[in-house]
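Student: Just dropping this structure here.
Values in this text are rule-based calculations from the coordinates and carry no lab data. What you are looking at is a predicted structure, and each value in this text was computed from that prediction instead of being measured. Here the Cβ positions follow ideal geometry from the backbone for every residue, glycine too, while neighbour counts run over all protein chains shown.
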């Protein structure tokens, strides 16, 4: 009975996640497209001459970028500097892969530690992707890259209790979450969809 209840819970979460994900993407599409207008430089070209260009309008039809952020699952308390996931953590990682199974993932990022990479290993396998490593020192640049290098993509980022909140806050443009998650808090999924840094739409669920 307990297994049935857990299965129903996971199915319900998948349905809810897909509904909210679709709503967030539609909201992100409502953001007005970026327009770049290039005008003649004053004093360089006489107005009305053949060389005077018509103002060029470049419309950048921004596709929403979706960033899914998680903290690594439960780790083994083996007193090592790089502990792997515990049995409970492995189970949570499998649950995460199932929850996100209906989404097309384009990139999966993880810090170079066993606990973070193992959390997204199954998800990477399901999407036939390589896990791309990033260093915690890259955190200040990564949010910019999401809307530049990876515009319109869906990205999963596996991090830590003291890195995930920073990225979430950067993407939504407010200090909504404290600098560090609770030590025993492993069940958050933060989904941010948007076209511009600091203006993302947030979905926050537990799994």
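Student: Of the residues in segment 163-203, how many are exposed (fewer than 14 other Cβ atoms within 10 Å of the Cβ) and farther than 20 Å from residue 150 by Cα?
Tutor: Qualifying residue count for the region: 9.
Student: Right, next: Which condition number in (1) crowded, with 17+ Cβ neighbours inside 10 Å; (2) assigned to a loop (DSSP other than H, G, I, E, B) is the one that residue 128 fails?
Tutor: Going through (1) crowded, with 17+ Cβ neighbours inside 10 Å; (2) assigned to a loop (DSSP other than H, G, I, E, B) one by one, residue 128 breaks only (1).
Student: Please go through segment 131-152 and pick out each residue that is surrounded by 19 or more Cβ atoms within 10 Å (Cβ to Cβ), in a helix (DSSP H, G or I) and either free of Cβ contacts under 8 Å to residues at least 40 places away in the same chain or more than 14 Å from the chain's Cα centre (by Cα) (or both).
Tutor: Listed by number, the list holds a single entry, 142.
Student: While we're here: Residue by residue through segment 111-124, note down the ones that are out of contact with any helix residue (DSSP H, G or I) (no Cβ under 8 Å at 6 or more places or on another chain) and part of a helix (DSSP H, G or I). Spell out the reasoning first.
Tutor: Initially, segment 111-124 is screened for residues out of contact with any helix residue (DSSP H, G or I) (no Cβ under 8 Å at 6 or more places or on another chain), giving 112-114, 116-117, 124.
Hits for segment 111-124 are 114, 116, 117, 124.
Student: Checking the condition touching a residue at least 40 places away in the same chain (Cβ under 8 Å), within 12 Å of the chain's Cα centre (by Cα) and assigned to a loop (DSSP other than H, G, I, E, B), which residue from 155, 203, 105, 191 passes?
Tutor: On the way: 155 fails: assigned to a loop (DSSP other than H, G, I, E, B); 203 fails: assigned to a loop (DSSP other than H, G, I, E, B); 191 fails: assigned to a loop (DSSP other than H, G, I, E, B).
Only one candidate passes the filter, namely 105.
Student: Identify the single condition in (1) surrounded by 20 or more Cβ atoms within 10 Å (Cβ to Cβ); (2) within 17 Å of residue 72 (Cβ to Cβ) that residue 206 does not satisfy, given that it satisfies every other one.
Tutor: If we test residue 206 against (1) surrounded by 20 or more Cβ atoms within 10 Å (Cβ to Cβ); (2) within 17 Å of residue 72 (Cβ to Cβ), just (1) comes out false.
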